[in-house]
Each structure stands twice: as C-alpha cells, then as structure tokens.
Amino acid sequence: MEFTVGDMAIRTEGTDGDDRAIEFLVAPRGGAGGEGAGWAEEAHFAIHREHDQGWEVARLSIDPLSGSVPIAAVEWAMEFAREYL
C-alpha cells in the first residue's frame, strides 16, 4: 500500500510471517530528489512489536544504507502500526 503524507510517499514494503513487524519505504513525493521536498534520498525502516508485549517495548530499525528518515514519517508509521500490529 502507498500513502501520501505531506511531501512524502510512504509505502508498506511487507510484514514478517507473524505480523510482528512492518517495513516501510519513505521517499519525497515524486521520487528521490523530489522538487521542494527538502530531502533527497529514500529510506527503509521497520517497526517491530511482540504480540504479548505493549508498545513500550516496540522497536524501530533503520536500514544502515538508507538516507535519513523524517520524524513525520516515523510518527505516521507508528500510528499505522498501532492499527495493524
């Protein structure tokens, strides 16, 4: 699924087999180097949560080869994950 959030395009890349993690790809709307986006690289990150545990122990993983991840993308992804995980 792909969503437009402000000047970002956020796409869910997949989940693990037990629905304990969701991977996201975020890029400036219109692709990397999008005009006026204020950032130029796409980034991959994931939110992980164990079924028996609360959100206090949820984790964020950022692909080390990714560009920086906008905080607004992480905030949006957390709200999405709260509904799905």
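Key figures for this structure:
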quantity: Looking only at the stretch 1-22, and only at residues there that are of a type in the set (Gly, Ala, Ser) and within 12 Å of residue 77 (Cα to Cα), the one that is modelled with the highest pLDDT; calculated: 9
quantity: Residue under evaluation residue 44, criteria (1) open to solvent by less than 60 Å² (accessible area, probe 1.4 Å); (2) at pLDDT 90 or above, criterion not met; calculated: (1)
quantity: Only listed residue being in contact with a Phe, Trp or Tyr (Cβ under 9 Å, 6 or more places away or on another chain) and either among the β-branched types (Val, Ile, Thr) or modelled with pLDDT of 90 or more (or both), chosen from 61, 68; calculated: 61
quantity: Scope the stretch 57-78; condition free of Cβ contacts under 8 Å to residues at least 12 places away in the same chain and either among the basic types (Lys, Arg) or in a helix (DSSP H, G or I) (or both); matching residues; calculated: 57, 71, 75
quantity: Matching residues in the stretch 23-41 - criterion: being modelled with pLDDT of 70 or more and in a loop (DSSP other than H, G, I, E, B); calculated: 29, 41
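The values are calculated or read from the model by the stated rules, or taken from the named source; none is laboratory data. Remember, predicted model here, so these are calculated numbers, not experimental data. Cβ coordinates were reconstructed from backbone atoms using ideal geometry, including for glycine residues, and neighbour counts include every protein chain displayed. Side chains included, ligands, DNA and RNA excluded: accessible areas come from the protein's heavy atoms. Shrake-Rupley method; radii C 1.70, N 1.55, O 1.52, S 1.80 Å.
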